[in-house]
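Below: the structure, in structure tokens.
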Amino acid sequence: MEALKAQNKEQEALLHKKEEVIQKQAEQLNKLTDQLAWFRRRFWKASSERFIPSDPNQRKIDFDGLDVLPQEEEMIKEVDKELQDYKRQRPHTKKKKPVRLPLPEELRREKEVIEPKGLEDSWVRIGEEVTEVLEHKPGELYVRQIIRPKYAIKENYKEQEVATVQIASLPPLPLPRSNAGASLLAELLINKYFYHLPFYRQISMLKQIGVSLSASTIKGWFQGSCDLLRALYFRLQELVKESDYIQVDESTIPVVNNEKHKTVKAYLWMVRSVMKPLVYFHYDKGSRAQKVVVELLQGFQGAIQTDGYEAYSIYEQKKGVLLLGCWAHARRKFEESLGEDKAGAEYALAQIAKLYQVETMADEQGLDDKQRAELRHRLVYPIMVAFEKWIVKFYPKVLPKSRMGRALSYTYNIFHRLSRYHLDGRYKIDNNLAENAIRPLALGRKNYLFCGNHDAAENAAVIYSLLGCCKAADVNPREWLTDVLSKIPIYNNDYSLDLADLLPHNWKNS
């Protein structure tokens, strides 16, 4: 009898062990299926964050977890009805046919006259037909000669106590010990940090038009220009922190580590003032630690909009600071889980699409901040209440480590941040302004590949900041940088002048 009981226990233990193995294999299979679906979507389908349902007639998907109060359900129906009515009544503008615009009048014209063959004296000219073709010549360098005549006093006036020789003062130059003019320095910086051309390519381009410059010379000019602009860069940081609504993001930049003899992944932090066209990049030895953003935003009071990176959570309890979330990041998580849980992801994306549709309504109607806040309170708030309840009910039905599970967890953990944008009409629904400002950094990584050291990365932050302000203020960066490099030596030597006057948005107005 005891032997039979022992045998049963062994069989039960063996069965339990097999069940554990089966459970682990099922989880592993689900995980691999999830990865396969993501890779298929990533590499073989168009990459887009716009959600278009596969069946436009299937507007409602009934989930057991969609449990809202009767009055809330009634409000949601009214919101859906208003959104659908607006969509039907919105005027549809016809697409304009492309029209060739005339070439700018300020461009130099080179005339080329072609006479018909076989003309005789009996022919009289009655007019002409002009065809304009846009042509291009490679960049041209020229030498600016600063000629300062010298004057000596005549013999008759020597008895007077005046200097015997007079000569005009040399105008301030960007780099006093260099023969590089402001326009050339601006061109080198614009080409690298706006058009993403590495210096070695620019050296080759200059050589083709007859000017040979060494890499060490270009490097010295670059360092000197960054040192010249650094005071303006620090003034920019002060102005950004004085605003009451900013967006913060961070992005990688490869930097050479001389000790390891290879590039390492470092980080540039970006802070953008939403209400003013000001963008500020910050580099702190490539660190992404929380202490960096704490020092960067020290003393700031107002709203901070970020993604879900945990380093920003310290501002959740900080007095005088309101932390906002980004719906674009949440939408991206659900878009990535479409291949794994199509029904759940489509429902989540449809709810987020409603939030963006309200923003489109406000934009098309030209609502001010107060009217936009009222529209959000009336239409957005009911959608978010129902969406949050759905997340809570639906989360137990998915595997926590699956893509759908991670999307739900990410959204729910920062839902309080995501929902706060409806409190003020000035607040944006997402962090896309910050991502647009940081995009040139990603393009630069693909071209010049890396920064040589930490100092080079700090210099890059200076130039990216100022050129980012040009883009935000819709200012021609070449004209601005040429003018500022000519004027900034005067500002750096006269502390009564405010460097803020040279920032692109003020420069444009002046």
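How many residues does segment 251-269 contain that are touching a helix residue (DSSP H, G or I) at 6+ places or on another chain (Cβ under 8 Å) and either over 21 Å from VAL293 (Cβ atoms) or touching a residue at least 60 places away in the same chain (Cβ under 8 Å) (or both)?
7
Can you tell me how many residues within segment 288-297 are within 13 Å of ILE246 (Cα to Cα) and either part of a loop (DSSP other than H, G, I, E, B) or in contact (Cβ under 8 Å) with a residue 60 or more places away in the chain (or both)?
1
Has segment 369-380 got any residue that is among the β-branched types (Val, Ile, Thr) and either over 18 Å from MET75 (Cα atoms) or part of a loop (DSSP other than H, G, I, E, B) (or both)? Steps first, please.
Here is the first cut: in segment 369-380, the residues among the β-branched types (Val, Ile, Thr) are 380.
Within this subset, residues satisfying the condition of being either over 18 Å from MET75 (Cα atoms) or part of a loop (DSSP other than H, G, I, E, B) (or both) are none.
No, every residue in segment 369-380 fails to be among the β-branched types (Val, Ile, Thr) and either over 18 Å from MET75 (Cα atoms) or part of a loop (DSSP other than H, G, I, E, B) (or both).
Could you list, in sequence order, all residues of segment 235-260 that are of a type outside the set (Phe, Trp, Tyr) and in a strand (DSSP E or B)?
Step one: filter segment 235-260 for residues of a type outside the set (Phe, Trp, Tyr), giving 235-244, 246-260.
Once the filter is applied, which keeps residues that are of a type outside the set (Phe, Trp, Tyr) and in a strand (DSSP E or B), segment 235-260 yields ILE246, GLN247, VAL248, ASP249, GLU250, SER251, THR252, ILE253, PRO254, VAL255, VAL256, ASN257.
Which one is surrounded by the most Cβ atoms within 10 Å (Cβ to Cβ) among residues in segment 402-438 that are part of a helix (DSSP H, G or I), basic (Lys, Arg) and touching a strand residue (DSSP E or B) at 6+ places or on another chain (Cβ under 9 Å)?
Applying the first criterion (part of a helix (DSSP H, G or I)) to segment 402-438 yields 403-413, 415-423, 432-438.
Then drop every residue that is not basic (Lys, Arg), which leaves 403, 406, 417, 420.
With the extra rule that they be touching a strand residue (DSSP E or B) at 6+ places or on another chain (Cβ under 9 Å), the set shrinks to 417, 420.
Numbers: ARG417: 22, ARG420: 16.
Filtering segment 402-438 for residues that are part of a helix (DSSP H, G or I), basic (Lys, Arg) and touching a strand residue (DSSP E or B) at 6+ places or on another chain (Cβ under 9 Å), the one surrounded by the most Cβ atoms within 10 Å (Cβ to Cβ) comes out as ARG417.
Output the number of the condition that ARG272 fails; it satisfies all remaining conditions of (1) touching a residue at least 60 places away in the same chain (Cβ under 8 Å); (2) exposed (fewer than 15 other Cβ atoms within 10 Å of the Cβ); (3) of a type in the set (Lys, Arg).
(2)
Given TYR381, TYR395, TYR356, which one is modelled with pLDDT of 90 or more and either touching a strand residue (DSSP E or B) at 6+ places or on another chain (Cβ under 6 Å) or not aliphatic (A, V, I, L, M) (or both)? Write out each step before concluding.
Working: TYR381 fails: modelled with pLDDT of 90 or more; TYR395 fails: modelled with pLDDT of 90 or more.
Step by step, each of TYR381, TYR395, TYR356 is checked, and only TYR356 is modelled with pLDDT of 90 or more and either touching a strand residue (DSSP E or B) at 6+ places or on another chain (Cβ under 6 Å) or not aliphatic (A, V, I, L, M) (or both).
Tally the residues that are basic (Lys, Arg) and part of a strand (DSSP E or B), restricting the search to segment 261-287.
3
Every residue in segment 200-230 that is in contact (Cβ under 8 Å) with a residue 60 or more places away in the chain and either buried (at least 16 other Cβ atoms within 10 Å of the Cβ) or not assigned by TED's automatic domain parsing to the domain that holds THR482 (or both), please.
Hits for segment 200-230 are LEU206, PHE222, SER225, CYS226, LEU228, LEU229.
Please go through segment 312-351 and pick out each residue that is farther than 17 Å from ARG406 by Cα and in contact with a Lys or Arg (Cβ under 7 Å, 6 or more places away or on another chain). Steps first, answer last, please.
At the first step, the residues of segment 312-351 found to be farther than 17 Å from ARG406 by Cα are 312-324, 350-351.
Within segment 312-351, LEU322, LEU323, LEU324 qualify.
For segment 456-495, give me each residue that is part of a helix (DSSP H, G or I) and among the hydroxyl-bearing types (Ser, Thr, Tyr). Even if it seems obvious, please write down each step before you answer.
Here is the first cut: in segment 456-495, the residues part of a helix (DSSP H, G or I) are 456-472, 477-493.
If the condition is that a residue be part of a helix (DSSP H, G or I) and among the hydroxyl-bearing types (Ser, Thr, Tyr), then TYR464, SER465, THR482, SER486, TYR491 are the ones that fit.
The values are calculated or read from the model by the stated rules, or taken from the named source; none is laboratory data. In this text, all values refer to a predicted model and were calculated from it rather than measured experimentally. As a convention, Cβ positions derive from the backbone with ideal geometry for all residues, glycine included, and neighbour counts pool all protein chains shown.
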